[in-house]
Amino acid sequence: MAEMTQTPESAAGAAQTQDRRSSGAGSAGLRRAGGGGGRPGGNRRMGRRKKRCPLLEAKIDYIDYKDVKLLERFIGDNKRILPRRLTGVNTTMQRRLARAIKRAKHLALLPYV
């Protein structure tokens with residue numbers, strides 16, 4: 001059987017990697033003391049801006065079930081109604097939107113799933 005022999009360079013490299021692992025510093029030694037993430041102030045979290053209702057911004061107060069072009073904006077690729085968290089529509093308008101989409105589907109203006 002062939003024995004594995006280590007050259008002095010590879011033995012030294014193995015010892016260095018072993019020292020790095022056993023020191024326990026990891027990437028913690030590379031972090032800055034003031035917090036991190038590149039943000040000034042340390043632990044401050046940036047909140048996501050709240051989505052504005054696109055229907056209210058367009059000053060639409062009545063959702064017509066015959067307006068297929070408008071309703072298609074709130075239907076996904078699989079022809080299902082998109083949730084509020086994706087569209088940004090407020091609760092009241094989401095209910096009206098769902099009712100209008102269901103009516104349009106019933107009249108075959110929009111496809112069913």
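No lab work stands behind these numbers, since they all come straight from the coordinates. Only a predicted model underlies this, so the values are computations on that prediction, with no experimental measurement involved. Backbone-built Cβ (ideal geometry, glycine too); neighbour counts: all protein chains shown.
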- Please check which bits of region 61-83 a label hung off residue 108 would reach, taking the label as a point 7 Å along Cα-to-C-beta and the cut-off as backbone N under 18 Å. 66-68
- Message: Please give me, ordered by residue number, the chymotrypsin sites (Phe, Trp or Tyr not before Pro) of region 56-113 that lie in loop per DSSP and have at most 12 other Cβ atoms within 10 Å.
- Response: 62, 112
- Nearest-0.05 FRET efficiency for residue 78 and residue 98 at R0 = 25 Å, using Cβ-Cβ distance, is 0.95
- Find the Cα radius of gyration of region 54-106, compare it with 2.2 N^0.38 Å by division, and give the number to two decimals. 1.01
